[in-house]
Amino acid sequence: QVQLVESGGGLVQAGGSLRLSCAASGRTFSGYTMGWFRQAPGEERKFVARLRWNDGAKSYADSVKGRFTISRDNAKNTVYLQMNSLKPEDTAVYYCAAGLGSWWSNRYDYWGQGTEVTVSS
């Protein structure tokens, strides 16, 4: 089955940048939609960004558009989330997710373990 391995979280000051990575284990992302979600303490998990692997189509939450960029590396079977101009409100645990044919259904079948991002003011 698809396994997602995340990395890149950490502590950063407001205005700084981080790059999160999500690598596949056991299967490539061909035919999948890759999504990034985040969950702050006491809050629901929220959509951040997604990418359709086959053609690279992208979409973003309004709260991060213009600051975050999702991308992929076919050779490494890896999806990235480049986060610039970080704000304290971006502090959360970030999760990578994968769904087969989920671009229109918004259903994700596989989830990573999460990586913590803390933005200080």
Q: Might you let me know whether segment 96-103 holds any residue that is on the phi > 0 side of the Ramachandran plot, touching a residue at least 60 places away in the same chain (Cβ under 8 Å) and exposed (fewer than 15 other Cβ atoms within 10 Å of the Cβ)?
A: yes
(Q) Every residue in segment 56-86 that is touching a residue at least 40 places away in the same chain (Cβ under 8 Å) and farther than 23 Å from Ala14 by Cα, please. (A) Ala57, Arg72, Lys76, Asn77, Thr78, Val79
Q) Taking interchain pairs and intrachain pairs at least six residues apart, which have beta carbon atoms under 9 angstrom, with the first residue in segment 110-121 and of a type in the set (Phe, Trp, Tyr) and the second outside any strand (DSSP E or B) and open to solvent by 40 Å² or more (accessible area, probe 1.4 Å)? A) Tyr110/Gln1
Q: Tally the residues that are out of contact with any Asp or Glu (no Cβ under 7 Å at 6 or more places or on another chain) and part of a loop (DSSP other than H, G, I, E, B), restricting the search to segment 3-58.
A: 22
Q: Return only the number of the condition from (1) open to solvent by less than 10 Å² (accessible area, probe 1.4 Å); (2) more than 19 Å from Ser121 (Cα to Cα) that Phe68 does not satisfy.
A: (2)
Q) Hey, among Asp62, Asp55, which residue is open to solvent by 50 Å² or more (accessible area, probe 1.4 Å), modelled with pLDDT of 95 or more and closer than 19 Å to Asn106 by Cα? A) Asp62
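The values are calculated or read from the model by the stated rules, or taken from the named source; none is laboratory data. All values reported here derive from a predicted model rather than from experimental measurement. Reconstructed Cβ throughout: ideal geometry from the backbone, glycine too, with neighbour counts over all protein chains shown. Calculation scope for accessible area: heavy atoms of the full protein, side chains included, ligands and nucleic acids excluded. Shrake-Rupley method; radii C 1.70, N 1.55, O 1.52, S 1.80 Å.
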